[in-house]
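Report on one structure; see the data block that follows.
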Amino acid sequence: MVGEKFTLMQYSVSAILGLIDAQQFVIPEIQRPFVWKRTQVKDLIDSLYNGYPTGYIITWKNPDVKTKDGNVANGKHVLIDGQQRITALMAAILGLEVLDEDFNKDRIKIAFNPLTNDLTKRFAVQDASHLKDKRWIPDIAELFKTDFKQRAFENEYASYNEGIDLDELSNTILKLKGIANRQIGVIELDHSLEIDEVTEIFIRINSKGTALSQCDFVMSKMAADTVHGGNTLRKVIDYFCHMAVKPDFYPQIQKDFEFEKTEYATKIKWLAKDNEDIYKPDYNDMLRTAFMYSFDRGKLADLVSLLSGRDFETREFREDIVEESYKKLNEGVCAFIKEYNFAQFILAIKGAGYQSSKLLNSKMTLDFAYMLYLRLLQDQTIPNHQIKHHIQKWFVLSTLTSRYIGSPESVMSRDIKSITEKGFVNFFEEIEASALSDTFWNITLPQALETSSTNSPAFNTFLAAQINLNCNSLFMHGTMVADLLNISGDVHHIFPKAYLRANGVNTKIKYNQVANYIYLDTQVNKAIRDDAPNIYFGKVLDQCNTKNVVIGNITDCDRLKQNLEQNAVPETVVNMTVKDYDKFLEQRRYLMAKLIEKYYKKL
């Protein structure tokens, strides 16, 4: 059984590099930034020189596929573990350039000192000192070139280093060049393995136990495809995600002349002027969203199979399925990167009050919402002006109920199936009726607010509600919660922390309840100090009568009442001390839930 799942082979370094040159082994990361430190490259060369084990390389064979003319196209091997080691060898031994984190090409040169007796100092990352000191060979890649003449090199080296033993030098040089013959273990996984099995094998072999995501497998498959443009599409995803985080990266993309000739270059150019930080998709987000949109499926493992040409019924692999799958994935990616689509989706999310990335705690929820937005744009039964309204309500519903937390792919798959069968409006009405009942608003949601996590979906939605409803911050008229969240405000305690601790409430989980949190203007917070609520609320109540401003700028009782409502603070707080703290938390949780309900139903 083991033999059916993988084959254990031994390849020399030169054989592996030769297979890569012949494109039989495909390195998914070769067009992506090289993340190893230069010292790690040096350590790898040192280990090979001394004959130390350097770990296994894991490849996964793409299946052979049947072509339209009845022939069979042989699948290539994709490296799914060992990319960094192989790239390091290509850089140090073959002298190839690698890409840094900004996609700039650079050489990593390893220097070698054949004369040293200290074996720990035989290799070094090249710097200026190695160019000056004639004991060092500045770049070992020179010795691995096909036209390298060892005798001439040794004579020249000896002329700079008098008194050396030429035989000893020759043996040392031969040992260095012997790195090319060092054996590396290669585990070749069979194409018939399911992703779950591949992942399990990877985890058991990989000493770090780091699981590969399904998106890693998709990206690997794409890197190996030059026939259907998979390798180019992969580059689109890499570049878009990089620019989404760093718009000033665009000039680096312009240096990729091959990519600049493609249709995609102009399609992502707009990102160079985009500084939005609400949705910064990585390749997991892009692939998942594009896949769900184009294939009506939620399980990314299916995309790996489809890009391999798998027929789910016959279990055979066909070229026409590969071709159709890349065509559909391309459509999904193009829809994702279109400026209008992306910008309008962001406006919908911000319009719902989520104007800061701090309020967004689930990328999966955003991914599904964007996929849904793209689908609704194509839905002839839904008027265009209603799309944002539907997206906002769905996003808030799925955020509040943590719909895509836990087993997101299963839920996404069911949701996509139901939307396809019933239509979105009917599906949404069913989910809304069951998920957001009176019990949810009156019991479930207040209970969800019984937490000390400021990143909880319920608390983030409360803040989004305050922003959407244009709520003033506490004790201020004209300074909005949105202003404080985005610019200068910090979250503070209504019952000051020092006051609670001085009166016996010592546990963080108690005094840091989100129902005790509120965004305050800095000057307001300073004026409150560590006073009990009945003290500082009493001062504000007094200033409504005396017009003598002490805290904030509210001097009208009706306006103060409205201000308390906007911040979900019970009016009875003006008389509260530490003995009322538990009652206050309960009352405020209920009021916060009611404000969220008002906001949701208003969207």
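The values are calculated or read from the model by the stated rules, or taken from the named source; none is laboratory data. On a predicted model such as this, the values are computed, not experimentally measured, just so you know. Every residue, glycine as well, gets a Cβ built from its backbone with ideal geometry; the counts of neighbours run over all protein chains shown. When the accessible area is computed, the model is the full protein with side chains, heavy atoms only, and any ligands, DNA or RNA have been set aside. Shrake-Rupley method; radii C 1.70, N 1.55, O 1.52, S 1.80 Å.
Given the peptides 50-60, 428-438, arrange them by the average over their residues of other C-beta atoms within 10 Å, most packed first. Intermediate results must be reported in sequence, preceding the final value.
Details: 50-60: 17.6, 428-438: 13.1.
Descending mean neighbour count gives 50-60, 428-438.
Ignoring ligands, DNA and RNA, please state the percent of accessible area on the chain from carbon and sulfur, probe 1.4 Å.
Ligands and nucleic acids excluded, carbon and sulfur reach 48 percent.
Would you give the gap between the C-alpha center of the range 545-603 and the C-alpha center of the range 452-521, rounded to a whole Å?
Cα centres, the range 545-603 to the range 452-521: 12 Å.
Kindly sort Met292, Met480 by accessible area of their heavy atoms, largest first, with the probe set to 1.4 Å.
Values: Met292 0, Met480 45 Å².
So, going from the largest accessible area down, we get Met480, Met292.
Starting from the Cα gyration tensor of the chain, take the square roots of the eigenvalues, sort them a ≥ b ≥ c, and report rounded, prolate or oblate (rounded when a/c is under 1.5, otherwise prolate if a/b is larger than b/c, else oblate).
Working: a/c = 2.72, a/b = 1.73, b/c = 1.58.
Prolate, because a/c is 1.5 or more and a/b exceeds b/c.
Sort Ser220, Ser413 from largest to smallest accessible area, using a 1.4 Å probe on the heavy atoms of the protein chains. Before the final figure, lay out the partial values.
Numbers: Ser220 10, Ser413 45 Å².
Result of the area sort, largest leading: Ser413, Ser220.
Enter the accessible area per residue of the chain (Å², integer; probe 1.4 Å; all protein chains in place). Walk me through the numbers on the way to the answer.
Numbers: 28210 Å² over 603 residues.
Spelled out: the 1.4 Å probe surface of the chain, per residue, equals 47 Å².
Determine, from the Cβ-Cβ distance of Ser402 and Asp21 and an R0 of 41 Å, the FRET efficiency 1/(1 + (r/R0)^6), rounded to the nearest 0.05.
E(calc), rounded to 0.05, equals 0.25.
What list of ³J(HN,Hα) couplings, whole Hz, do you get for the range 471-477 from phi and the Karplus terms 6.51, -1.76, 1.60, once you set θ to phi - 60° and write x for glycine and proline?
Running phi through 6.51 cos²θ - 1.76 cosθ + 1.60 with θ = phi - 60° gives 6, 6, 6, 4, 6, 10, 10 Hz.
Between the alpha-carbon centers of the range 157-178 and the range 287-307, tell me the distance in whole angstrom.
That distance is 57 Å.
Decide, for the range 198-352, between rounded, prolate and oblate: order the square roots of the alpha carbon gyration tensor eigenvalues as a ≥ b ≥ c, take rounded if a/c falls under 1.5, and otherwise choose prolate if a/b is larger than b/c, else oblate. Display every interim value, and only then the final one.
Values: a/c = 1.60, a/b = 1.49, b/c = 1.07.
Taking the square roots of the gyration eigenvalues as a ≥ b ≥ c, the range 198-352 is prolate.
To the nearest 10 square angstrom, what accessible area does Trp441 show with a 1.4 Å probe?
The accessible area comes out at roughly 0 Å².
Can you send over the solvent-accessible area of Arg559, 1.4 Å probe, protein chains only, in Å² to the nearest 10?
About 100 Å², ignoring ligands and nucleic acids.
Obtain the nm distance between the two label points defined at Asn171 and Asp118 by a simple spin-label model: each point lies 7 Å from its Cα along the Cα-to-C-beta direction.
Result: 2.3 nm between the two label points.
Can you work out ³J(HN,Hα) from phi for every residue in the range 111-124, in order, using Karplus 6.51 cos²θ - 1.76 cosθ + 1.60 and θ = phi - 60°, giving whole Hz and x for Gly and Pro?
Each residue's phi maps through the Karplus curve to give 8, 9, 10, x, 9, 5, 8, 8, 5, 6, 10, 7, 10, 7 Hz.
Which whole DSSP H helices in the chain pass both tests: a Cα extent of 30 Å or more along the axis and a mean Kyte-Doolittle value no lower than 1.6? All intermediate terms of the calculation are to be shown ahead of the outcome.
Numbers: long enough: 581-602 (31 Å, -1.15).
For the chain, where a helix must reach 30 Å along its axis and average at least 1.6, there are no hits.
Working out 0.36 nm times the residue gap between Lys601 and Ser357, then minus their Cα-Cα distance, what length gain in nm do you get to one decimal?
On the way: separation 244, 0.36 × 244 = 87.84 nm, distance 2.32 nm.
The Lys601-Ser357 span can extend by a further 85.5 nm.
Could you put Thr226, Thr555 in order of accessible surface area, largest first, with the 1.4 Å probe and the full protein assembly present?
Ranked from most to least accessible, the order is Thr226, Thr555.
For the chain, what relative contact order do you get, as a whole percent, if you take Cα pairs closer than 8 Å and at least 6 residues apart?
On the way: 861 pairs, mean separation 63.7, N = 603.
Once normalised by length, the contact order is 11 percent.
Calculated FRET efficiency, Asn470 and Asp277, Cβ-Cβ r, R0 22 Å, to nearest 0.05?
With a Förster radius of 22 Å, E is 0.50.
Work out, step by step, the length gained on full extension between His389 and Ala498: first 0.36 nm times the residue separation, then minus their alpha carbon distance; give nm to one decimal.
34.9 nm
With each pseudo-label sitting 7 Å past Cα toward Cβ, what's the Arg204-Asn455 distance in nm, one decimal?
3.3
Glu162 to Ala433: extension gain in nm, 0.36 nm per residue of separation minus the Cα-Cα distance?
88.7 nm
Modelling each spin label as a point 7 Å along the Cα-to-Cβ direction, I'd like the Asn104/His477 distance in nm, to one decimal.
For Asn104 paired with His477, the spin-label model returns 5.6 nm.
Is the shape of the range 337-483 rounded, prolate or oblate, going by the alpha carbon gyration tensor and its root eigenvalues a ≥ b ≥ c, with a/c under 1.5 for rounded and a/b larger than b/c for prolate?
Oblate, because a/c is 1.5 or more while a/b does not exceed b/c.
So what does Glu200 come to for accessible area, using a 1.4 Å probe and Å² rounded to 10?
80
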